[in-house]
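Colleague: What follows is a single structure, and I will ask about it in a moment.
The values are calculated or read from the model by the stated rules, or taken from the named source; none is laboratory data. Computed from a predicted model, the values in this text were never measured in an experiment. Here the Cβ is made from the backbone with ideal geometry for all residues, glycine too, and neighbour counts use every protein chain on show.
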Amino acid sequence: MDNAAIDADVTESAVLDANVLYSVALRDLLLRLAAGGLFKPFWSEEIQNEWTRNVLQNCSGVTPEKLERTCQAMNTSFPKAIVREYEAIIPTLQLPDPDDRHVLAAAIHIKAKYIVTFNLDDFPQTILQTHGIEALSPDEFALRVIKDVDQYIAFRVIKRYRSNLDRPPMTADEHLAILEQRRLTKTVAFLREHKAFL
């Protein structure tokens with residue numbers, strides 16, 4: 001089935017840029033929220049190749065085999081997430097960084113509502129709005145999903161996620177501190193107000 005026909009009516013559908021998938025803590029949080037039904041995640045093979053390539057360049061001790069297993073696990077957990085057959089759209093697009101056009105093309109192809117990226121300047125809203133797409137930082141996106149979609153499902157997902165972290169085990173405060181280091185400042189501020197649920 002063509003990805004363009006999959007979940008096109010889901011409001012909270014988002015293409016996750018490579019710089020968002022790069023961080024283990026951020027990637028795990030977003031994918032667990034997605035597994036909880038709070039949004040539909042999408043990525044392409046090109047996006048996966050980009051973040052895994054950067055991890056291999058920057059992180060010693062990480063092997064290609066481990067990253068391949070991670071990508072396989074992502075694709076198995078979210079079999080509809082891989083965007084294909086979007087390449088024809090790329091030449092029709094103009095962005096400040098032409099290398100980012102594949103991300104927007106993928107989002108247009110599957111009618112995503114959001115692109116989640118740290119590089120907001122590379123996705124001008126004046127361009128994206130013509131396609132009905134909004135670029136959000138991971139912090140803004142996570143906060144929106146947690147706060148506005150279903151807070152209590154989100155809290156349960158985050159609590160379960162933290163309880164599965166056993167190398168080492170983490171308190172809620174320790175987990176929130178890690179997320180804050182990943183630049184989720186607004187999200188963490190909101191979660192701290194509801195720490196009793198985490």
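Colleague: Go through segment 27-47 and give me each residue that's over 15 Å from A154 (Cα atoms) and buried (at least 20 other Cβ atoms within 10 Å of the Cβ).
Modeller: P41, F42, W43, S44, I47
Colleague: Another one. If I filter segment 86-99 down to residues being assigned to a helix (DSSP H, G or I) and not hydroxyl-bearing (S, T, Y), which single residue comes out as nearest to I47 (Cα to Cα)?
Modeller: Out of the qualifying residues, it is D99.
Colleague: Inspect segment 80-101 for any residue being touching a helix residue (DSSP H, G or I) at 6+ places or on another chain (Cβ under 6 Å), in contact (Cβ under 8 Å) with a residue 24 or more places away in the chain and small (G, A, S) and give the result as yes or no.
Modeller: Checked segment 80-101: no residue is touching a helix residue (DSSP H, G or I) at 6+ places or on another chain (Cβ under 6 Å), in contact (Cβ under 8 Å) with a residue 24 or more places away in the chain and small (G, A, S).
Colleague: When you go through (1) in contact (Cβ under 8 Å) with a residue 24 or more places away in the chain; (2) part of a helix (DSSP H, G or I) one by one for C71, which number turns out not to apply?
Modeller: Result: C71 passes all but (1).
Colleague: (1) part of a helix (DSSP H, G or I); (2) assigned by TED's automatic domain parsing to the domain that holds Y22; (3) touching a Leu at 6+ places or on another chain (Cβ under 7 Å): which one isn't true of H102, the others all being true?
Modeller: (3)
Colleague: Just checking, does segment 164-173 include any residue being in contact (Cβ under 8 Å) with a residue 12 or more places away in the chain and crowded, with 19+ Cβ neighbours inside 10 Å?
Modeller: Scanning segment 164-173, I find no residue that is in contact (Cβ under 8 Å) with a residue 12 or more places away in the chain and crowded, with 19+ Cβ neighbours inside 10 Å, so the answer is no.
Colleague: Please find, among N49, N54, N19, the residue that is modelled with pLDDT of 95 or more, within 14 Å of the chain's Cα centre (by Cα) and part of a helix (DSSP H, G or I).
Modeller: After applying the criteria, what remains is N19.
Matching residues to (1) surrounded by fewer than 17 Cβ atoms within 10 Å (Cβ to Cβ); (2) outside the structural domain of A35 (by TED's automatic domain parsing); (3) among the β-branched types (V, I, T):
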site: F123; (1), (2), (3): no, no, no
site: T126; (1), (2), (3): yes, no, yes
site: S137; (1), (2), (3): no, no, no
site: A154; (1), (2), (3): no, yes, no
site: V157; (1), (2), (3): no, yes, yes
site: Y161; (1), (2), (3): no, yes, no
site: H175; (1), (2), (3): no, yes, no
site: R182; (1), (2), (3): no, yes, no
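Colleague: Something else about it: Looking only at residues that are at pLDDT below 90 and assigned to a loop (DSSP other than H, G, I, E, B) in segment 114-168, which one is nearest to the chain's Cα centre (by Cα)?
Modeller: D150
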